Amino acid sequence: MLILGLETSCDETAAAVVEDGTRVRSSVVASQHEIHGEYAGVVPELASRAHSERVLPVVRRALDDAGASYAELDAIAVGHRPGLIGALLVGVSAAKSLAWSLGVPLVGVDHVHAHLYAGSMNAPQAKAFPALGLVVSGGHTSLYLLDDWLSVRRLGATIDDAMGEAFDKAATILGLPHPGGPNLDRLARAPGANDRAVDLPVSRLGGESLDFSFSGLKTALLYATRGVPQAREDAPKPLALTDERKRDLAASFQRAAVGAVLLKLDRAVEHLSQQGTKVRTLLTGGGVTANSRLRGELETWANKRGVALRLPPMEFCVDNAAMIAGLACELHAAGRVSGLDLRAVPTTGL
Ligand code: KG4
Ligand code: ZN
């Protein structure tokens, strides 16, 4: 089964050819960082235009790299939700045209769901379920319980900022360039960075809650950097934002943000075990799974808990089309193919 996947939900134009669900024959990602960098965020209209210009060259490149022809494709998959509506429409329209002209099935894939599949790319297919799913990206931060690839139940989600969004905003507070998350990660790893220099809050929410919150952490970082607004005259002033201080603030932010995720994973495993569900695997995905500290702590956590960890290789953490084509193979096998009336939808279906 050879599937061509397309991904255009945000600021990456991507195409990939995947064989039998997990063997990545090619994966091409054209990022638009250079276009949105000066605005410190993605500008939807510019993203759509760039997708329109790039989608066909990216598809041709993916086929070339895979050494495959259009005639060999068994299906066309596309991330059709969630995302920026104009950006999604480019991928959905391209995928429909290809599926119709080649006479092969079209498979619409939920982008967030596909992030959970990313750790299965090029990996041996051990039995995974029941699995806990963690998606941490620029737009989403959610926990799921999966009984199989088609039965996905959301256990909790962020009530304010997504984790990647919080990293990006924290990077802006510290004066780091776009893309903020990877730059903050690099700074937090700089020699001598002290992750306990500032005590930033780890959000817990209610004792039972499996939701996340990052806005308090972001505000605490802002105050640690610029001072508390309308503070008393005699209150201590914030330390000067030297390179050393920035490094310490980045490390302290990262410790608190990652700590909040681990806390919710513990809660979820315990909550599920009380209900008689023993989690076998932790499936992870989304841009923030590229974070060095999160990767390290997830590995330690999974070992301690006796849970198998599927952590995507770096290239499949951020948006890519291999995860779309991979999950599409499971959907196709289950008969979940789409009609040519497939719609682009801004929200997730999960
Ligand atoms: O999954 P993704 O490419 O797009 C969405 O679906 O949102 O995730 C992008 C997000 C951005 O917020 C980016 O700053 C964050 O992932 N990110 C990171 C790292 N690499 C990417 N955040 C923290 N540390 C990183 N190394
Ligand atoms: Zn994504």
- Task: Go through the residues of region 43-65 one by one and say whether even a single one is touching a residue at least 60 places away in the same chain (Cβ under 8 Å) and closer than 25 Å to ALA123 by Cβ.
- Result: yes
- Collect the residues in region 96-110 that are open to solvent by 10 Å² or more (accessible area, probe 1.4 Å) and within 16 Å of ligand 1 (Cβ to nearest atom), keeping them in residue-number order. ASP110
- Item | Wholly within region 97-152, strands (runs of 3 or more DSSP E) carrying at least 3 residues that are of a type outside the set (A, V, I, L, M) | 141-148
- Query: So which residues in region 306-327 are part of a helix (DSSP H, G or I) and either touching a helix residue (DSSP H, G or I) at 6+ places or on another chain (Cβ under 6 Å) or open to solvent by less than 30 Å² (accessible area, probe 1.4 Å) (or both), if there are any at all?
  - Reply: MET314, PHE316, ALA322, MET323, ILE324, ALA325, GLY326, LEU327
- Query: When you go through LEU98, LEU132 one by one, which is the residue that is away from ligand 2 (no atom under 16 Å from the Cβ), farther than 18 Å from LEU265 by Cβ and either outside the structural domain of ARG81 (by TED's automatic domain parsing) or not hydroxyl-bearing (Ser, Thr, Tyr) (or both)?
  - Reply: LEU98
- Message: Being closer than 26 Å to ARG23 by Cβ and open to solvent by less than 50 Å² (accessible area, probe 1.4 Å) narrows it down to one residue among VAL58, VAL43; which is it?
- Response: VAL58
- Query: Can you tell me which residues in region 175-195 are buried (at least 21 other Cβ atoms within 10 Å of the Cβ) and either outside any helix (DSSP H, G or I) or outside the structural domain of GLU244 (by TED's automatic domain parsing) (or both)?
  - Reply: PRO179
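Quick grid of which residues meet (1) within 16 Å of ligand 2 (Cβ to nearest atom); (2) touching a strand residue (DSSP E or B) at 6+ places or on another chain (Cβ under 6 Å); (3) among the β-branched types (Val, Ile, Thr):
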| position | (1), (2), (3) |
| --- | --- |
| ARG295 | no, no, no |
| THR300 | no, no, yes |
| ASN303 | no, no, no |
| ARG310 | no, yes, no |
| PHE316 | yes, no, no |
| ASP319 | yes, yes, no |
| MET323 | yes, no, no |
| GLY326 | yes, yes, no |
| GLU330 | no, no, no |
- Every residue from region 264-276 that is among the hydroxyl-bearing types (Ser, Thr, Tyr) and in contact (Cβ under 8 Å) with a residue 60 or more places away in the chain: none
- Restricted to region 120-130 and to residues being of a type outside the set (S, T, N, Q) and surrounded by fewer than 23 Cβ atoms within 10 Å (Cβ to Cβ), the residue farthest from ligand 1 (Cβ to nearest atom) is LYS127
- Cβ-Cβ under 6 Å pairs, at least 6 apart or on other chains, region 277-292 side closer than 17 Å to MET323 by Cα, far side away from ligand 2 (no atom under 16 Å from the Cβ): LEU282/LEU132; LEU282/ALA302; LEU282/VAL307; LEU282/LEU309; LEU283/ALA131; LEU283/ARG310
- Query: Which residues, taken from region 76-95, are over 17 Å from HIS51 (Cα atoms) and either surrounded by fewer than 24 Cβ atoms within 10 Å (Cβ to Cβ) or acidic (Asp, Glu) (or both)?
  - Reply: none
- Note on the structure: Looking across region 159-174 at residues that are open to solvent by less than 30 Å² (accessible area, probe 1.4 Å) and either more than 16 Å from ligand 2 (Cβ to nearest atom) or of a type in the set (D, E, K, R) (or both), the single one that is farthest from GLU38 (Cα to Cα) is ASP161
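The values are calculated or read from the model by the stated rules, or taken from the named source; none is laboratory data. Only a predicted model underlies this, so the values are computations on that prediction, with no experimental measurement involved. Here Cβ is always computed from backbone atoms with ideal geometry, including for glycine, and neighbour counts include all displayed protein chains. Note: accessible area is taken over every heavy atom of the protein model, side chains too, but ligands, DNA and RNA are not part of it. Shrake-Rupley method; radii C 1.70, N 1.55, O 1.52, S 1.80 Å.
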